[in-house]
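Accompanying notes for the structure given below.
Read-outs: derived from the displayed coordinates by stated rules, not from any lab. Here the structure is a predicted model, which means the values were calculated and not measured. Backbone-built Cβ (ideal geometry, glycine too); neighbour counts: all protein chains shown.
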C-alpha cells in the first residue's frame, strides 16, 4: 500500500501538477470558486456539470459554465449525457473551450438527471459507459475521465465493471465517490471500494467521499493507494483545505484538522464575494454568495446570528458592513 504524498498525475498528453482535485459541483464550482480554490492550492478543477444535449443545441447559459477563470491554465469540463450521439453533437462546440480533459458524469444522484438516463443511471449500464467513452476518445485527442459511484444501491455495486468498461474504451483516469446512488450524500463512504478499484484498473484512481480535513485526505491515500483525492463538500466554505492538505502531505506542518481563524475565514469569504461579483455582477453575485456564506460561517462563534444577518445582504456594501461589524465584536483571541 502506498503512503500518502503530494505528487503530479501523468495523463496522455498532459501532466496535472498535483493530486488534490476540486470536484465538479453543480451550483458551486463556478469560475469564481474555482479561481479561489486554485489560489489556495487546488491542483485541478472541474466545471459544474454541463449538459451535452444543451451544449449541442447551443445553450448560452450552458456555454457560460465553461468560461475559464484568469490563470486557469488547466480545466476539466464535466458533461452529463445518456447516449453516444449526444457527445458527437456536443463535442465540436465543447472543444472550442480548450479543456485539458473531458470528464463523463456517471455519478450524479439528482432525479432530474437520473431520469434522463444520465448521471448515476449509467452505473446500471456499463455497456453504455463503454459506448459513450469510446465515442469521445475516438473523436478527440484529449484525455477522457469518468466520475462514478459505487453503484446504484447496495445490491448493485457495479464500480469495478463500470470502471473497467470506461478504461477499455480509452478512459485515462477514474474518479470514485464511494457511495451508491441510493445513499446520495448520506451514510458513510466505503473506502474499501476505492482500494479495490485501485488494484483493478491500470489508470490513476481519484478517491472521493467523506473528505473534510487534511487528515481525511492523507488517510484515504494511505489506506486505499489512490493516486489523488477529490474534495467536494469539504471544500465549500473551506478552500484553504487544499493548501493545508498539501502542507500535511509534504510534511511541512503537523495535521490538526482545524480550519483557519474566524477572521481569515471571513476574509476568504469576502474575497470570494468580490470575485463572484466581478464574474456575475453585483445582484447575482451577492445572491449566489448566500449559500457560500452559510458554509464560511459554520462553526464560528455566534455563527447563527452572523448567518442571519448575511442572508439579508443584497449588495457588497451590506456584506462588508456585516463582516466588519462581526470582526469588531469578535476580536481574535
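Springs between Cα atoms under 10 Å define the GNM used for the chain, and in it the highest mean-square fluctuation of 150, 125, 164 occurs at 125. Relative to the dominant Cα principal axis of the chain, helix 191-200 is inclined by about 40°.
Building the convex hull from the alpha-carbon atoms of the chain and averaging its projection over directions returns 16.3 nm². Over 16 Å, how big is the tail of the calculated P(r) for region 262-329, in percent of all Cα pairs? Value for region 262-329 (Cα pairs over 16 Å): 36 percent. When the chain is treated as a Gaussian network with alpha carbon springs shorter than 10 Å, the biggest mean-square fluctuation among 44, 80, 293 belongs to 293. At q = 0.13, 0.25 Å⁻¹, what log₁₀ I(q)/I(0) does region 173-259 have when each alpha carbon counts as one equal point scatterer in the Debye sum? Results for region 173-259 at q = 0.13, 0.25 Å⁻¹ read -0.41, -1.25.
Taking the empirical scaling 2.2 N^0.38 Å for compact globular proteins as reference, region 134-197 has a Cα radius of gyration ratio of 1.19. By the compact-protein rule of thumb, 2.2 N^0.38 Å, the alpha-carbon radius of gyration of region 99-211 corresponds to a ratio of 0.97. Placing R0 at 51 angstrom, the Cβ-Cβ distance between residue 155 and residue 321 gives a FRET efficiency of 0.40 after rounding to 0.05. Volume per residue of the convex hull around the Cα atoms, evaluated for region 177-333, comes out as 145 Å³.
Ordered by the number of other Cβ atoms lying within 10 Å of each residue's own Cβ, fewest first, 242, 212 fall into the sequence 212, 242. Short-range pairs are left out: with C-alpha atoms under 8 Å and at least six residues apart, the relative contact order of the chain is 15 percent. Please give the helix 159-168 orientation as an angle from the longest Cα principal axis of the chain, in degrees from 0 to 90, rounded to the nearest 10. On a 0 to 90 degree scale, this one is about 70. Note on region 8-50: the C-alpha convex hull projects to 3.2 nm² when averaged across all orientations. The helix-based estimate of mean residue ellipticity at 222 nm for the chain, built from -39,500 (n - 2.57) per DSSP H run of four or more residues and divided by its residue count, is -13000 deg cm²/dmol to the nearest 500. Counting other Cβ atoms within 10 Å as a rough exposure proxy, the listed residues 30, 329, 103, 85 run 329, 85, 30, 103 from fewest neighbours to most. The C-alpha atoms of region 1-152 occupy a region whose extents along the principal axes are 41, 37, 30 Å, arranged from largest to smallest. The C-alpha atoms of the chain define a longest principal axis, and helix 214-224 lies at about 20 degrees to it. Region 232-294 and region 116-132 have Cα centres lying 34 Å from one another. Rounded to the nearest 5, what is the percent of antiparallel bridges among the DSSP beta bridges in region 9-249? In region 9-249, DSSP labels about 10 percent of beta bridges as antiparallel.
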